[in-house]
Every structure is written in structure tokens, then in C-alpha cells.
Amino acid sequence: MSKKMAALVCLLACFAIWCSVLVEADGVTALEARQLREEVRDMFYHAFDGYMQHAFPLDELRPLTCQGEDTLGGYALTLIDSLDTLALLGDRERFGSAIKWISENVKFDINKTVSVFETTIRVLGGLLSAHLIASDYSTGMKIQNYDDELLHLAEDLARRMLPAFETPTGIPFGSVNLLHGVDKYESKITSTAGGGTLTLEFGVLSRLTNDPIFEQVTKNAVRGIWARRSKINLVGAHINVFSGDWTQKDAGIGTSIDSFYEYLLKAYLLFGDEEYLFMFQEAYKAAMHYLFHDPWYVEVNMNSAITVWPLFNSLQAFWPGLQVLYGDIAPAMRTHAAFFSVWKKYGFTPEGFNLASLSIQSGQRSYPLRPELIESTYWLFKATRDFRYLDAGRDMIASLQYGAKCPCGYCHISDVESHEQEDHMESFFLAETVKYLWLLFDLAVGPDNMVENGPYKYVFSTEGHLLPATPEIALANERCSYLGAFCKNGGKRDASEAISFSYHESNDTRIVNAWLPPFSSSEAHDSSTSSSIKGFCPALTHDQKFGFSYILEKHEAYDADLSGHAQSDSAVVAVMNASYGTIMHEQNQDPNELTDANSSDETHSQFVGEKNPT
């Protein structure tokens, strides 16, 4: 038997075993779930205490040698990133002392060039989440004598990043110096995720400070990217922030693009801005049509939809969790099962797994403690209460405990086959990886935490930070959170705001039905005549409603009649299928525009082992 055939048999066997487990297993018991929750708590403190004893106040821990290193800006990154996990675990003492130290010692007037993306999601998000928890009695973690110090730090940090947005497209530079602004030699190339994953943190800051500039620049960045999508509503991986030209045209849901999709939906869920929902629905429909090869996702050329990269990369693993938030449960379950079969095969997910050769992608053998698959496991259990996801969580804990645990924390795995350890522990291990594991098992036995039992619905940032849909944040721009509430303009909230209503209303942790539009597939109407979004005029095109359409690249020929290439003229009607609890979408696509990217002949011919140039 050839190596390739052996690999295929092994992978299919893992997948089959996992699928049979899904059907037959009773799952972990309540006692086991409680023990696993406490084991995850111990995992957090092993790593957190290791950082505080051996690395603090440097950014991150080197857990093999028990030393520290500055990796981002030299301002106790891991401590800031861990704040809301401490609060979630109910550790008032360490949460309070950490806030006190940060308030007194962290300054951002430093001559450091930092990543706009990483600084936003890790530091700005960490500060804002902790501020919202520490300043609110209803969280149960109100800190006495706290006087908005973290909010002031967050505002100072965000203002120092504003120069990055001063580009012709509105898409920010990838890096900025916190003291001097953007260096004149700074690269003009940034990733789609880097430019489009800033809306939650900057938007929350605008609403807390009553200064719209932060929300405006990040929304303009998203518009700048979306306006340059292809005619089939796909975006590439890298773009020139000055010219708006795509420098890498591979479209996918993973590396360099992933959280762009995530923040489109979450910005709607948190802020109620229907423009984000419209963009997400259009982008999601395109992704499911051109990228989804059930149960896997591939990368394609953004213009032609031809597959160029048949690869599962570990960052794709967030997608099933995002689908849960959108209500598309059935494909989320199938994709999670496929992704988890790779974890079962190696004990971890490698950074890249080639779907053509069914082997680890060359140069992508590592597992840097990523949370994405664990995150999706949590959301699927939250939606379904299916014990298969507790079984998966137990396997993930076992892998981390026996493969990644090291003297002072948890180590990156440099090779998922040999399980060789690397002396590095990113701050997101404490901000996300153990957080989602703990939430998974606490949900199984309780739950007893502010996310499940608190007064607010929480949206998780891409770094796992807790952002509550408080009236101060969610009701901005005269929006209301419940039926019959009065808006600032005196008008009552209308029940036709189906998705927004279900999101804010439900406190049931079984969100699969609570977050979906409250009507069945039999009540669906044609998208040309009705919409689930209040106030949307279906006769308007995207260009007419929001003031921009996609921008043709210089080499594309302009059609004399542009109406032939007009984008879909309405927000896609989201309809719940009563049998499966999934979202189904009506598509207004011209069938002559492209051949079916999912046809079997084309699919097989496109699955090649090496990346094709675009």
C-alpha cells in the first residue's frame, strides 16, 4: 500500500471512528465534567503563575527555561490579555491587584513599533473588557476604588494607533510607532484580517468615550476592503493600503482573512449596525458557495473561484463556531468533525494539513497552542448540548496535559508528529485556549459564570475577550434591545428586527433557536419583496443603500452596461429550516456568471498538491 493510500485510509478511519462516537457515545459524566473543569482551572494557574513568577513584567513566558521575553510592546502583555479570564474564574484578588499594577505602571508613550492588529485584539481588547467588568456591580467583580484607569489607558493607546488609518483607502498600515506614528518605510501591504478586525474594540471605545473617531476609522477600513471585493463577493489575503490593489488574491476562511468574516457578524451582534450584517450575509453566501467542499474549505482565486490551495489550516477551525452564531448548525457539525479527525490523528492540529496528499503541509508542522478548534467545540456544545463535544474537549485536555505541559507553563509544539516542544507560550493561551475549555466544562456542570448567568449577552472578540451588549454599547445610534423598549428618538423597537431581537432577548444558553429569526421555512418570502431587516428597502442596490460598490481592478474591462454586474440587491433573507435548525439562503446570482465551483469534475481536477500561482 502506498504512503498516500495509507494516509487516506488512516484519516478516513479516524473520521469514521469520530463520527461513530458522535452517534453512540454517552459522553463524559457530570462528575467527570466537574473534574475536567477543575483540571482546566489548574492548567490556567500553572501557566499564569509561571508567567508571574518567571516572566512578569515582560510580555510573555518561555515555559521550558522559565524565563520571560518581550514580544509585542514590553507592557506585560500576558497579564493584560489574562485579565478577563481571571474575572471569569472569579479570582477577585488577582483581578484587582492586576488592574492596580497596570493602572500604575503601564504607559504607551514609548518608542515602540507595534502591530496594529495584535495590539488591538490583545491589549486594547484586554483593557476594555477588564474595564467593563471592573466598573460594573452587576458582573459580580466590581473593583472598589477603580476609577476608569483602564479606559483612559485604552483611549491613549487607540489614539496612538490612529495615524495608521491615514491612507487613501482607509485601510490601515500593519504597524505603527506608538510615539512617532507610521514610519516612512512602513510596508504598504497588509492582510485582510489585519485591516478588517478592529471594529469591535474601536467601536466599544467610541461608545464608552463618546468620541466617534475610533468607530469611524475602523468602519471605513472595513468598507475599504469590502469595496474591493471581487465580482463574486470574495476578498483576497493581502492588499496595498495605498492603491487598493490585491497583492495576494487567494480567498479563504483561514490565514490572513479569518477574523474579517468573524467581525462582520459580531459587529452586527454587538452594535446592531445592519450594514455589517449585509456584508456578512453576502460574504458568507459567497464563502459557502465557492470555498466549501463539504466538510472542508479550500482557498480559491478571488476572481475566478478556481481552487489554488487545497489546505486545512488551523485558523479555519474558528469557522464552525461562527456558523453557530449565525445559526448554520448542520455544516458546522460536519466541518468540526472533519477538523477534529486531524486533531485525533496527531494529537494536535498542525498549522497546515494538505487535503490532496492527506499529510502535514511542508513547513507547517507546528501547533502554537491555538484555541480555534476548542472555541468551536464550546459553541457547538452550547448550541446542541451534544456530549460528543465534551468528549472532544476531554481529548484536547489530554493532549495539552501530556504533550504541551512543561515546567513553568505550556509549550508550543514544534512538530505535531514528534510532539517536540518549543520554548514559547503566546498570551492567547490564557486569554482564549484555557478560557474556552473552562467555559465548555462549566457549561456542562453548571454553569456558574458571568457569561452564562450574568445580566448581559457577551460577544467574544477574536482574542476571546468579553464584550457585553450593555445599553451603553448596544443601544447607541438609537437602537433598542428588547420588544417594546423606547429608543432615544421616542420610537418603539419593532418586532421585525428578528435577528437583533432574538440575540438580545434570550438568556437561554441553548442559543441555536434563540438567536435565529422567529419564523419557519414555510413563511419564507422572496428576497426581492421582503426582508428580515427593519427599514431596508429591497429595491435599493448595495451601492445605493451604502454608497459604494465593488471596485474593479485596473486590468478588468469595464462593461458598457454596469447593471449586468450589479451586486445582489437586498440583504439575503435568512430563513430557519425547522427540521435542522439551520440558516438557508436565497441567492440572487446570475447562473451564467460562473460555472458551478462545486461540480464534481472541477472539484477533483482542482485538488492538486502544490499551490498554483494566481
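Rule-based calculations on the coordinates, nothing more; no lab input. For clarity, every value in this text was computed on a predicted model and none was experimentally measured. Here the Cβ is made from the backbone with ideal geometry for all residues, glycine too, and neighbour counts use every protein chain on show.
What to note about this one:
- Using R0 = 41 Å, the C-beta based FRET efficiency linking E69 and T29 works out to 0.50.
- Of Q53, W101, Q144, farthest towards positive along the dipole that unit charges on Lys, Arg, Asp, Glu beta carbons give the stretch 39-158: Q53
- Extension reserve of the H293-S362 stretch, reckoned as 0.36 nm per residue once the Cα distance is removed: 22.6 nm
- Residue among M279, N233, V204 farthest towards the positive dipole end of the stretch 200-328, charges placed on Cβ: N233
- Between the residues A404, T384, A469, the greatest Cα displacement towards the positive end of the dipole of the stretch 345-487, with unit charges on the Cβ of Lys, Arg, Asp and Glu, is found for T384.
- At an R0 of 30 angstrom, the distance between the Cβ atoms of I213 and Y45 translates into a FRET efficiency of 0.15.
- 5 angstrom amide H check on R62, placed H, neighbours 5+ away: Q67, G68, E69
- Under-5 Å amide H pairs with E420, H placed in peptide plane, nonlocal only: S414, D415
- Residues whose placed amide H lies under 5 Å from that of S359, excluding near-sequence neighbours: N354
- In order along the stretch 349-357, the phi-based Karplus estimate (6.51 cos²θ - 1.76 cosθ + 1.60, θ = phi - 60°) of 3J(HN,Hα) comes to 9, x, 4, x, 10, 7, 7, 8, 8 Hz; Gly and Pro are listed as x.
- When the square roots of the Cα gyration tensor eigenvalues are ordered a ≥ b ≥ c, the ratio a/c for the stretch 158-253 is 1.5 or more and a/b does not exceed b/c, which makes its shape oblate.
- Which listed pairs, of K184/K266; K382/K435; K405/K457; K382/K405, have C-alpha distances above 25 Å, in listed order: K184/K266; K405/K457; K382/K405
- Extension gain, K142 to D156: 0.36 nm times the residue separation minus the Cα-Cα distance gives 2.7 nm.
- Formal net charge of residues neighbouring G125 (Cβ-Cβ distance under 10 Å; K, R +1; D, E -1): -3
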